[in-house]
C-alpha cells in the first residue's frame, strides 16, 4: 500500500511502502520510493487530492512504481477532483472532470476506486472504475445521532441516492428539497422544502460535498420555517472552505469523513475516518 498522504491510511491492514518526497524550487513535485517490497504484487495507491500539485504528485508516484517494475497498480481516490464540473454550463469553460479522467485513463491502471462520487459522470468516464457509495458513512452517522430521523435530499441531483439510502437503512422517511442557482455566478437565490409541516421531526441532510456551506445553511433555515426539530448534516467530503462555525450555529451536528482533509473536531463536528468504515 502506497499512501501518498502520510496522514491518511484508509486501509491500515496493508503493509505501507516507504517513500521520501519534496517539491523543487520550480514547483515540481518529486518522489523517491524505497525498495524492499515485492514488485510482482499489486500495489494499491491512495491519495487525498486537494490541488493540482497533489494530482501531479500522484502521477509521479505511478510513474516511479512502473519504473521499479510494478505492473499492477490500483488507485483509491476518496475525493475525486473537479467532479462537480461534470458538464458545461457556460461557453469558455473546461470540462474539468474529463480532463482528470482522461489523464488517469492514460495511466492504464488496474482499477480506480472512488468514494461517493458527485454524479454518475466520473464513473462513466473512468476506465475500470469502482464506486464505494455513502451507505457505511451514513449508517455510522445515524448510529451516532441515535434518534429517529427524517432524511433530507438537498436537491434533485441527490434524490436517487437518498431513496436508495432510505431503503437500505429502513425506517426513515424522506423529504425532498430544491434550490435555485445562477449558473454564471454560482449564487444561490432560493430554497424549497416539499413538506407543509415537519411537525418537529429531527432531520438529517445528506449530500456528497460541503464547500462553503451556503446551500446547507439556506436549506436549514427553510426547514426551520417548516417546523423541523433538530437538524443534522452528513457530507461525505468536508471541504469547509469557510470553516464550520456558521454551520454549527444552525445544525445540532455536522458529520463528515477524512476523504478531503483532517478536521479539528468539536462538540458539534464529528469526522468519521474512512479506515473505520471497513470499506
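The values are calculated or read from the model by the stated rules, or taken from the named source; none is laboratory data. The structure displayed is predicted, hence computed values, not measured ones. Every residue, glycine as well, gets a Cβ built from its backbone with ideal geometry; the counts of neighbours run over all protein chains shown.
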Inset, instruction - Consider residue 142 carefully, then state whether it is crowded, with 16+ Cβ neighbours inside 10 Å, under 30 Å from residue 227 (Cβ atoms), at pLDDT 95 or above and touching a helix residue (DSSP H, G or I) at 6+ places or on another chain (Cβ under 7 Å). - result: yes
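So that you can scan it fast, the table gives a plain yes or no per residue for (1) crowded, with 16+ Cβ neighbours inside 10 Å; (2) under 18 Å from residue 210 (Cα atoms); (3) more than 18 Å from the chain's Cα centre (by Cα):
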position	(1), (2), (3)
101	yes, no, no
118	yes, yes, no
161	yes, yes, no
170	no, no, yes
Legend entry - Hits in region 145-161 - residues which are in a helix (DSSP H, G or I) and modelled with pLDDT of 95 or more: 145
Inset, instruction - Determine if region 1-17 includes at least one residue that is exposed (fewer than 13 other Cβ atoms within 10 Å of the Cβ), in contact (Cβ under 8 Å) with a residue 12 or more places away in the chain and in contact with a helix residue (DSSP H, G or I) (Cβ under 7 Å, 6 or more places away or on another chain). - result: yes
Legend entry - Extreme residue, nearest to residue 82 (Cα to Cα), among residues of region 117-141 that are in a helix (DSSP H, G or I) and in contact with a strand residue (DSSP E or B) (Cβ under 7 Å, 6 or more places away or on another chain): 122
Legend entry - Subset of region 218-241 [touching a strand residue (DSSP E or B) at 6+ places or on another chain (Cβ under 7 Å) and assigned to a helix (DSSP H, G or I)]: 218, 219, 220, 222, 223
Legend entry - residue 223 vs. criteria farther than 29 Å from residue 3 by Cβ, modelled with pLDDT of 95 or more, under 23 Å from the mean Cα position of the chain (by Cα) and surrounded by 15 or more Cβ atoms within 10 Å (Cβ to Cβ): no
Legend entry - Candidates 244, 215, 248 - the one that is farther than 15 Å from residue 79 by Cα, at pLDDT below 95, in contact with a strand residue (DSSP E or B) (Cβ under 8 Å, 6 or more places away or on another chain) and not assigned by TED's automatic domain parsing to the domain that holds residue 93: 215
